[in-house]
Amino acid sequence: MLDLSRLRALHAISVHGSVAGAAAALGYTPSAVSQQIAKLERETRTTLLERRGRGVALTEEALHLAETAQQLLAIVERAETTLEERRGLPTGRLSIGAFASAARGLLPGVLAGLDRDHPVLDVRLTEVDPHLSVDLVAKGVIDLAVAHDWDIAPLPAPEGVAQAVIGDDRCDLLVPEGHRLAGRDAVRREELAKERWICQPPGTVCHDWLVRTLRAAGYEPDIRHRAEENHTQLALLAAGLGVAMIPRLGRGPLPAGVVAVPLDPVPVRRLYALWRTEAARRPAITAAVSALQAHGAAVGLRRQGGPAGVPAPRPDHRTCPDSPAPP
């Protein structure tokens, strides 16, 4: 008899491509995941992982077993959903994946509220890149994802994945105190041609968005400094080393010497909750989506969408998110 938890570990490795990635998603240590795979190899008398450089690759047998594991996990999920629905209360484990600034600026309040209102619900948070979120939900690695979309790559919604709008996150132009644009009521993008920029590295959505947007305004941005973390960008801003566009969610208070200036038009990114349609009846999903929407409003996200599970019309908006760009 194959152990389901070991199959879950193999499936997670197939999705994330590494033992470390699977461990992070499952909330285990890499050593614990490796032990699960070793036991599964003994049970099946089959080699499942092969060393390749510093990483691992699934053997042909492991790929077939991982596909079967996904089907079994889907059956288990349906059974758990039925039981939870019959109880009428949010119970069991609910895994949530969220991108960095949502995990920092939105999820703490949501998790605290769920813990208070539904003490028997076991909620687990993992920080994930938003462009991976849909696939992780579709494959059953996580139950619920918080992701966002942008004009250059709208959020995909494949068959079997439902979505609901959480709200829109606004983005500001941040400049050093004393900058020529500090104190302005609004700034248009055409006025930023001669600025030195602080931005995320190439290959990230924020970098790509900035380059495309300012090229559309008629010039090539002069990107002087590249940093992944918002707090690093804020430190560079405070030192007077350039200007930046950073969303409000999870940004925190601006340090001394940094001023926010509104842009015209205002850049925004739209946040979504995503879950598998098979799990839509779970009271845990309903409770979590409601909490995300309610707390989103509390932290300043502007919600223009419909009720949970009904995708809102896509606005003509532009974003400066904090995540890697999709390939």
Can you tell me which residue in the stretch 4-42 is least open to solvent (accessible area, probe 1.4 Å), limited to those that are under 21 Å from ASP143 (Cβ atoms) and of a type in the set (D, E, K, R)?
ARG6
Given the criteria over 21 Å from ILE285 (Cα atoms), open to solvent by less than 30 Å² (accessible area, probe 1.4 Å) and touching a residue at least 24 places away in the same chain (Cβ under 8 Å), does ILE96 qualify?
no
Candidates ARG188, ARG215, ARG184 - the one that is open to solvent by 50 Å² or more (accessible area, probe 1.4 Å) and free of Cβ contacts under 8 Å to residues at least 12 places away in the same chain
ARG215
Just to be sure, is GLY88 of a type outside the set (Asp, Glu), touching a residue at least 24 places away in the same chain (Cβ under 8 Å), within 17 Å of VAL137 (Cα to Cα) and exposed (fewer than 14 other Cβ atoms within 10 Å of the Cβ)?
no
The stretch 1-28, residues that are touching a Leu at 6+ places or on another chain (Cβ under 8 Å) and part of a loop (DSSP other than H, G, I, E, B):
LEU2, ASP3
Is the stretch 92-102 home to any residue that is out of contact with any strand residue (DSSP E or B) (no Cβ under 9 Å at 6 or more places or on another chain) and either of a type in the set (A, V, I, L, M) or part of a loop (DSSP other than H, G, I, E, B) (or both)?
no
Condition check: small (Gly, Ala, Ser) and open to solvent by 20 Å² or more (accessible area, probe 1.4 Å). Does GLY300 satisfy that?
yes
Would you check if LEU274 is open to solvent by less than 10 Å² (accessible area, probe 1.4 Å), over 24 Å from ARG116 (Cβ atoms), aliphatic (A, V, I, L, M) and in contact with a helix residue (DSSP H, G or I) (Cβ under 9 Å, 6 or more places away or on another chain)?
yes
I'm told GLU220 meets every condition in (1) in contact (Cβ under 8 Å) with a residue 24 or more places away in the chain; (2) more than 19 Å from the chain's Cα centre (by Cα) except one. Can you identify the failing condition by its number?
(1)
Do any residues in the stretch 121-134 that are of a type in the set (Val, Ile, Thr) have Cβ atoms under 6 Å from those of residues that are open to solvent by 60 Å² or more (accessible area, probe 1.4 Å), where the two are at least six apart or on different chains, and which pairs are they?
VAL134/PRO156
Give PRO202, PRO283, PRO267, PRO262 a once-over and let me know the one that is open to solvent by less than 10 Å² (accessible area, probe 1.4 Å) and within 25 Å of PHE99 (Cα to Cα).
PRO267
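Matching residues to (1) free of Cβ contacts under 8 Å to residues at least 12 places away in the same chain; (2) among the charged types (D, E, K, R):
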{"site": "ASP3", "(1), (2)": "no, yes"}
{"site": "THR29", "(1), (2)": "yes, no"}
{"site": "ALA32", "(1), (2)": "yes, no"}
{"site": "THR46", "(1), (2)": "no, no"}
{"site": "GLY53", "(1), (2)": "yes, no"}
{"site": "ALA57", "(1), (2)": "yes, no"}
{"site": "ARG78", "(1), (2)": "no, yes"}
Residue selected from the stretch 29-45 under the condition charged (D, E, K, R) and touching a Leu at 6+ places or on another chain (Cβ under 7 Å), by the criterion nearest to SER133 (Cα to Cα)
GLU41
Would you check if there is a residue in the stretch 43-64 being in a helix (DSSP H, G or I), hydrophobic (A, V, I, L, M, F, W, C) and open to solvent by 30 Å² or more (accessible area, probe 1.4 Å)?
yes
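Residue by residue, here is whether (1) under 25 Å from TRP197 (Cβ atoms); (2) at pLDDT 90 or above; (3) within 14 Å of the chain's Cα centre (by Cα); (4) open to solvent by less than 50 Å² (accessible area, probe 1.4 Å) holds:
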site	(1), (2), (3), (4)
LEU106	no, yes, yes, yes
ASP122	no, yes, no, no
GLU127	no, no, yes, no
ASP135	no, no, yes, no
ASP149	yes, no, yes, yes
PRO158	no, no, no, no
ALA164	no, yes, no, yes
CYS171	yes, no, no, yes
PRO176	yes, yes, no, yes
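The values are calculated or read from the model by the stated rules, or taken from the named source; none is laboratory data. Since the structure is predicted, the reported quantities are computational estimates derived from the model, not experimental observations. We place every Cβ from the backbone using ideal geometry, glycine too, and count neighbours over all the protein chains shown. Heads up: the accessible areas ignore ligands, DNA and RNA and are worked out on the full protein's heavy atoms, side chains in. Shrake-Rupley method; radii C 1.70, N 1.55, O 1.52, S 1.80 Å.
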